1. Round to the nearest 10 and give me the degree value, 0 to 90, for the angle of helix 74-85's Cα axis relative to the longest principal axis of the chain.
2. Which of the GluC sites (Glu not before Pro) across segment 161-221 are loop residues per DSSP, with 10 or fewer other Cβ within 10 Å?
3. Would you kindly derive the ³J(HN,Hα) couplings of segment 127-138 from the backbone phi angles with the Karplus curve 6.51 cos²θ - 1.76 cosθ + 1.60 (θ = phi - 60°), listing them in order in whole Hz, with x for Gly and Pro?
4. State, as an integer percentage, the relative contact order of the chain based on alpha-carbon contacts under 8 Å between residues 6 or more apart.
5. Amide H of Gly99: which non-local residues (sequence gap of 5 or more, or other chain) have their own amide H closer than 5 Å, using H built in the peptide plane?
6. Read phi for every residue in segment 179-189 and hand back ³J(HN,Hα) as whole Hz from Karplus 6.51 cos²θ - 1.76 cosθ + 1.60, θ = phi - 60°, with x for Gly and Pro.
7. What are the ³J(HN,Hα) values, in whole Hz, obtained from phi via the Karplus relation 6.51 cos²θ - 1.76 cosθ + 1.60 with θ = phi - 60°, for each residue of segment 3-9 in sequence order, with x given for Gly and Pro?
8. Would you mind calculating the gained length between Gln8 and Leu248 on full extension (0.36 nm times residue separation, minus the Cα-Cα distance), in nm to one decimal?
Amino acid sequence: MKKKERQQKVIDEVSINRKVTTGFLSQNLNVSEDTIRRDIHELDSKGLLTKVHGGAISTIQKLYHYNEDVIYNRENKVLIAQKAITLIQDSMVIIMSGGTTNLMLAKLFPKDLKATIYTYSLPIAMQLTELPLIETIFIGGKIHRNSMVTTGIDVVQYLSKIRADICFMGVSALNIEQGITDEGYEVSLIKKAMISAAEHIVYLATSNKLNLKLNYDVCNLKEIDTIVTDLDLDHYKLKEFISAGVNLL
């Protein structure tokens, strides 16, 4: 079987079953699991399916399939979410950025929480629909396929009209000199708009994001309200930030 034909069969199986394992595909197509893994990696890069631990899912299924296998560094993100929840009160207006740390936060929100939540993340918006007392407002725009968030000037303009009590923002990189930076220009603009739209900004940063720098500035250290990490406050990685006066949780 030629590569093109084999990969089409992989796509067909994912479309029919929503989720398939490398073992299932290997047996059905009579090729090695390594070959299937390479096919999945290539098809994922083309946006034709989504690679997950042990197999693949459809790109539609991706919207609501962020399970424990897909969320990398899950235990640390649970810890961050549990800390961040202590900052929430009923009747708040909240903005949430994309990312799996914020998704974990949405998963752990109390079922009786009453709030209005704005987000431009499709997975987070769908997760929030499971909470009966949350009013979820999805901010539309150009959809970024890999991260399943909307980007573009429409998102920035919408955020400029919001006045929120608190904003939970995922962090791509944080260091003592540059503050918070991101890899994408459009995303950095959206995050700046979020900062302007909320009274209090809470940055959710797993420890692997500390002491990193990316290409585009989001905010400097003095503009940071609160950083929530998975580390204890006496951890050596946090000493510089504490000395600089950053509020850590």
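1. 30 degrees
2. Working: sites: Glu177, Glu183, Glu186, Glu199; in loops: Glu177, Glu183.
Within segment 161-221, the qualifying GluC sites (Glu not before Pro) (loop, at most 10 other Cβ atoms within 10 Å) are Glu177.
3. After applying 6.51 cos²θ - 1.76 cosθ + 1.60, I find 4, 5, 5, 7, 9, x, 9, 8, 8, 9, 10, 8 Hz.
4. In percent, rounded to a whole number, it is 14.
5. Placed amide hydrogens put nothing under 5 Å from Gly99.
6. Along segment 179-189, the couplings run x, 9, 10, 9, 7, x, 5, 4, 5, 4, 5 Hz.
7. Per residue, the Karplus-derived 3J(HN,Hα) values read 4, 4, 5, 4, 5, 5, 5 Hz.
8. Values: separation 240, 0.36 × 240 = 86.40 nm, distance 4.93 nm.
That pair, Gln8 and Leu248, stretches by 81.5 nm at full extension.
Just so you know, all these numbers are worked out from the coordinates, no wet-lab data involved. Computed from a predicted model, the values in this text were never measured in an experiment. Neighbour counts are summed over all protein chains in view; Cβ atoms, including those assigned to glycine, are modelled from backbone coordinates with ideal geometry.
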